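The values are calculated or read from the model by the stated rules, or taken from the named source; none is laboratory data. A quick note: this is a predicted structure, and the numbers were derived from the prediction, not measured. Cβ atoms come from the backbone with ideal geometry, glycine included; neighbour counts cover every protein chain shown.
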Amino acid sequence: MKNPSTSDLVSRFSALVGPGQALVEDAEKARYLVEWRDLFRGETPLVLRPADTREVAAILRLAHETKTAIIPQGGNTGLVAGQIPVPGRQEIVVSLERLDKVRSIDPLGNSMVIEAGMPLASAHAAAAAAGRVFPLTLASLGSCQIGGNVSTNAGGTAVLAYGNARNLVLGLEVVLADGRIWNGLRRLGKDNAGYDLKQLFIGSEGTLGVITAAALKLHHPPRGRAVAFASVASPKAALDLFSRAQGAAGFGLTGFELMSGLAMEFALRHLPGARLPTSAAPWYVLIEVSSSLSDTEAETVVLDVLTGAMEAGEVLESTLAQSLSQAEDFWRLRHGMSEVQKREGGSIKHDVSVPIGDLPAFLDEAMTAVEVAFPGCRPVPFGHMGDGNIHFNVSQPEGGDRQGFLSRWNEMNAVVHDVVRKYDGSVAAEHGVGRLKVDLLAEVKPPLDLELMARLKDALDPLGILNPGRVIRRP
């Protein structure tokens, strides 16, 4: 924040939102300033909670006039610190949480328009009330918000069938850096009239504009669903099982998650009531098949896949969920894996992707590499095998020093990312770049990529006030 004085600007910004919606007291600001893993803590003179798009626009007009840095924030569930203001920089946080309304739902057109602050779980409920499904699914669905999901191009466990957030967006409403409102909330399935401008803002992490509403694709809910849990000897066996399942189910394969034995041990140790559906094994797979006809049809497909896999030696043991609650218990094991690692001490995270066919080789090489470089460390890989995205997390040695382990974050990253690059993968698969990986991006992206990204940033945010220092670092 630039002169005039901070206090004068706080007063001017505060006047743009309703009473009680400009937070200046430390206790009021606290929950907006800590990343949920407690790796980053921020400082800000002010948290603003605008009520609608017009108030967001007014905030950005003043920010543009005064060259004040603005940090848009959704549910504060991001894992790369893009939403946390940097201490000492006087960045103002703009929380979108009050923009939480459903503007319209069109079941016949399979679309809905909702505001950016709506939690993902509420979006699911709104779609369900209209007899439809919004399929984006994340472990943090109760707290993450649609604006954050779109601005980070969130993935999750349904990507295999429905794609990332990018594939589920028909249109956007965005407030630009100078306060102008771009209304791109069109609900067209096809529109080739010029550049597809909404794609600029999807995945840009609030650096090019502030998303205030989104027109989203809806789907008919599947009539049948079957969920199975299987133990396998290796990622190669899991890959063979995936190929078999995809061949049998086609687009009906809506979930295929890979989990290491150690990741499962953590879940069983720390998730209340967790039970292992099979005997202990080196690796596990969660399979979901959806059907437009019936549960019986979906179950038949899964049972045929598992029977063939058992005969081929791809599966050690398997269990088909016999009820909705048992299916949810299977998924709870998978969704709880990020949270339970906190209970095992320090954890160094890697959100990476490689071509699906290279996953077994990548996992073998990366696990060996970190165990050699950091004796006693505990690799805990798990993730979305169906799209090549693995959360390659590494927990500290048992009984080790948490801070000492975390202090070697960059060293660990270098070891893992070297293997990722060998397989032409990505070091930011679904969590984005934020602050955590901004320097890394400059190391792994080709110079022309960085140049084009910088040109876009300069064109849409010439003063550099939107999420500065995130995604791409400018002078």
Reported set for the stretch 1-54 where residues are among the charged types (D, E, K, R) and crowded, with 20+ Cβ neighbours inside 10 Å is 35, 49
Restricting the stretch 243-286 to residues that are surrounded by fewer than 23 Cβ atoms within 10 Å (Cβ to Cβ) and among the hydroxyl-bearing types (Ser, Thr, Tyr), the residue that is nearest to residue 302 (Cα to Cα):
243
Which of the residues spanning the stretch 13-56 are assigned to a helix (DSSP H, G or I) and among the basic types (Lys, Arg)?
29, 31, 54
Which one of 416, 427, 433, 370 is surrounded by 15 or more Cβ atoms within 10 Å (Cβ to Cβ), modelled with pLDDT of 95 or more and either within 21 Å of the chain's Cα centre (by Cα) or within 17 Å of residue 80 (Cα to Cα) (or both)?
416
Scan of the stretch 348-363 for residues that are buried (at least 21 other Cβ atoms within 10 Å of the Cβ) and either in a loop (DSSP other than H, G, I, E, B) or in contact with a helix residue (DSSP H, G or I) (Cβ under 9 Å, 6 or more places away or on another chain) (or both), ordered by number
348, 349, 350, 352, 353, 354, 359, 362, 363
Mind listing just one residue for me: the one in the stretch 57-71 that is charged (D, E, K, R) and part of a helix (DSSP H, G or I) and, of those, nearest to residue 393 (Cα to Cα)?
61
Of all residues in the stretch 104-122, count the ones that are closer than 21 Å to residue 254 by Cβ, under 19 Å from the mean Cα position of the chain (by Cα) and surrounded by fewer than 23 Cβ atoms within 10 Å (Cβ to Cβ).
1
How do the strands (runs of 3 or more DSSP E) wholly within the stretch 73-150 filter down when requiring 3 or more residues that are more than 19 Å from residue 59 (Cβ to Cβ) and touching a residue at least 24 places away in the same chain (Cβ under 8 Å): which remain?
102-106, 111-115
Top-ranked residue of the stretch 156-173 - restricted to ones that are among the small types (Gly, Ala, Ser) and without any contact (Cβ under 8 Å) to a residue 40 or more places away in the chain, ranked as surrounded by the fewest Cβ atoms within 10 Å (Cβ to Cβ)
163
Hey, which of the helices (runs of 4 or more DSSP H) in the stretch 372-475, taking only ones fully inside, have at least 3 residues that are in contact (Cβ under 8 Å) with a residue 60 or more places away in the chain, of a type outside the set (Gly, Ala, Ser) and in the same structural domain as residue 353 (by TED's automatic domain parsing)?
409-422
